[in-house]
Amino acid sequence: MGADSAIHIEHPDGDVVEPLAVAKALRAIVESEKPDLVLMGKQAIDDDASQVGGMLGGLLSWPQANFASSVELKDGGKAVEVAREIDGGLETLRMALPAIVTTDLRLNEPRYASLPNIMKVSCLPTCFQPASRNPRCPAGPRNLACDARARPAPTQAR
């Protein structure tokens, strides 16, 4: 598995990028690139929310499988079969493409690229897109105000 191109979404330093904003930015890219399968990690380095994959699936109305430990294309590339670990063993899901799959750490054994392949990849194009380029993907923080001093009114016992 490899990539022939890459898209890097940039946002201003200091902005807090929330999962919904990331999902909206990815939706804009998925709608323009039209992939059949979107593979995503389940975790980010700054939090452990596991929300972006589900939000992206909801925004696109695509089927999704979370925490995949194996992924296999079926029906000549028209469907995907995903196995995931659950408390009782393995659960197998089969979905028509296009679909979203979030991965688990057991999905793939890491492989290390050879130096000639690394040199070939350095020539491939990378598209840098500012998040502000698409008005449907707000990357900035939400402006929420919260007054932590206000207490709810006491309830009366009946």
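Taking the DSSP bridge list for the range 1-123 and keeping only pairs wholly inside it, about 65 percent are antiparallel.
Here's how it looks for Ala68: its modeled amide H is under 5 Å from those of Thr102, Thr103, Asp104, which are all 5 or more places away or on a different chain. Per-residue 3J(HN,Hα) values for the range 93-105, derived from phi via the Karplus relation 6.51 cos²θ - 1.76 cosθ + 1.60 with θ = phi - 60°, read 10, 10, 9, 6, 8, x, 8, 10, 10, 9, 9, 10, 5 Hz in sequence order (x marks Gly and Pro). Computed from the Cβ-Cβ distance with R0 of 35 Å, the FRET efficiency linking Ser32 to Asp87 stands at 0.35. Would you tally the net charge around Leu73, using a Cβ to Cβ cut-off of less than 10 Å, leaving Leu73 out, and scoring K and R as +1, D and E as -1? Surrounding charge for Leu73 is -2. At a Förster radius of 22 Å, what calculated FRET efficiency corresponds to the Cβ-Cβ distance of Leu97 and Gln43, to the nearest 0.05? My answer for the efficiency is 0.35.
Report the full-extension gain for the segment Val121 to Thr155: residue separation times 0.36 nm, less the Cα-Cα distance, to one decimal in nm.
Numbers: separation 34, 0.36 × 34 = 12.24 nm, distance 6.46 nm.
5.8 nm is the gain from fully extending Val121 to Thr155.
With 0.36 nm allotted per residue and the present C-alpha distance subtracted, the His8-Ser61 stretch has 16.7 nm of extension available.
Values quoted throughout were computed directly from the atomic coordinates according to the rules given, and no laboratory measurement underlies them. Given the structure is predicted, the values throughout are model-derived calculations rather than measurements. A quick note on method: Cβ atoms are made from the backbone with ideal geometry, for glycine too, and the neighbour counts reach across all protein chains shown.
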